[in-house]
1. Which pairs have Cβ atoms under 8 Å, sit 6 or more apart or on different chains, and link a residue in segment 55-71 that is under 14 Å from Phe29 (Cα atoms) to one that is open to solvent by less than 70 Å² (accessible area, probe 1.4 Å) and in a loop (DSSP other than H, G, I, E, B)?
2. Could you list all residues from segment 3-15 that are open to solvent by 70 Å² or more (accessible area, probe 1.4 Å) and in a loop (DSSP other than H, G, I, E, B)?
3. Can you tell me which residue is least open to solvent (accessible area, probe 1.4 Å) among those in segment 95-115 that are without any contact (Cβ under 8 Å) to a residue 24 or more places away in the chain and closer than 18 Å to Arg45 by Cβ?
4. Is one or more of the residues making up segment 47-65 of a type in the set (Phe, Trp, Tyr) and open to solvent by less than 30 Å² (accessible area, probe 1.4 Å)?
5. Of all the residues that make up segment 16-38, how many are open to solvent by less than 70 Å² (accessible area, probe 1.4 Å) and touching a residue at least 60 places away in the same chain (Cβ under 8 Å)?
6. Evaluate segment 79-94: report whether one residue or more is out of contact with any Cys (no Cβ under 6 Å at 6 or more places or on another chain), open to solvent by 70 Å² or more (accessible area, probe 1.4 Å) and small (Gly, Ala, Ser).
7. Could you please give the count of residues in segment 16-30 that are among the small types (Gly, Ala, Ser) and outside any loop (DSSP other than H, G, I, E, B)?
Amino acid sequence: QVQLVESGGGLVQAGGSLRLSCAASRSIFSSFDMAWYRQAPGKQRELVARLTRSGKTNYADSVTGRFTISRDNAKNTVCLQMASLKPEDTGVYYCAAVSVFSTYWGQGTQVTVSS
């Protein structure tokens with residue numbers, strides 16, 4: 001089992017920045033890809049950014065150049081640095097640990113971007 005706890009969400013004006021953190025209950029980065037998803041009201045959950053075990057990253061087109069995913073192996077933490085935020089970035093952001101065998105989810109953290 002893996003527990004994931006997100007933090008760092010909040011209310012920010014358009015153009016602002018936020019940093020989300022996800023703390024894992026144990027060392028998992030050698031076994032799992034890490035990802036951030038988001039879900040806006042009335043919409044399906046979508047992939048925002050992914051960081052593979054080997055360190056490769058990929059981003060949704062809508063956030064490329066604005067968001068950066070990173071990890072701290074010593075702290076078992078993965079972060080999502082978000083800049084130039086837009087109202088359409090509003091939603092609940094979820095951290096996920098993904099492997100071939102299982103996916104673990106955090107409880108989510110709300111991000112609201114006001115115009």
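1. Arg71/Phe29
2. Restricting attention to segment 3-15, the residues satisfying the condition of being open to solvent by 70 Å² or more (accessible area, probe 1.4 Å) are 3, 5, 11, 13.
Listed by number, the list holds a single entry, Gln3.
3. Just the residues of segment 95-115 that are without any contact (Cβ under 8 Å) to a residue 24 or more places away in the chain, to begin with: 100-103.
From what's left, closer than 18 Å to Arg45 by Cβ: 102-103.
Values: Ser102: 35, Thr103: 65 Å².
Among them, the one singled out is Ser102.
4. First pass over segment 47-65, keeping only residues of a type in the set (Phe, Trp, Tyr): 59.
Remaining after also requiring open to solvent by less than 30 Å² (accessible area, probe 1.4 Å): none.
No, because not a single residue in segment 47-65 is of a type in the set (Phe, Trp, Tyr) and open to solvent by less than 30 Å² (accessible area, probe 1.4 Å).
5. At the first step, the residues of segment 16-38 found to be open to solvent by less than 70 Å² (accessible area, probe 1.4 Å) are 16-18, 20-25, 28-29, 31-38.
Pick out the ones that are also touching a residue at least 60 places away in the same chain (Cβ under 8 Å) and you get 16-18, 20, 22, 24, 28, 31-36, 38.
Result for segment 16-38: 14.
6. In the first step, residues of segment 79-94 are kept if they are out of contact with any Cys (no Cβ under 6 Å at 6 or more places or on another chain); the result is 79-94.
Filter once more, keeping what is open to solvent by 70 Å² or more (accessible area, probe 1.4 Å): 86, 88.
Checking which are small (Gly, Ala, Ser) leaves us with none.
No: zero hits.
7. As a first pass, look at segment 16-30 and keep what is among the small types (Gly, Ala, Ser): 16-17, 21, 23-25, 27, 30.
Filter again for outside any loop (DSSP other than H, G, I, E, B), leaving 21, 23-24.
Total satisfying the criteria: 3.
The values are calculated or read from the model by the stated rules, or taken from the named source; none is laboratory data. If you're wondering where the values come from, they're calculated on a predicted model, not measured in any experiment. Don't worry about glycine lacking a Cβ; one is built from the backbone with ideal geometry, like all the others, and counts go over all protein chains shown. In case anyone asks, the SASA skips ligands and DNA or RNA and just uses the protein heavy atoms, side chains included. Shrake-Rupley method; radii C 1.70, N 1.55, O 1.52, S 1.80 Å.
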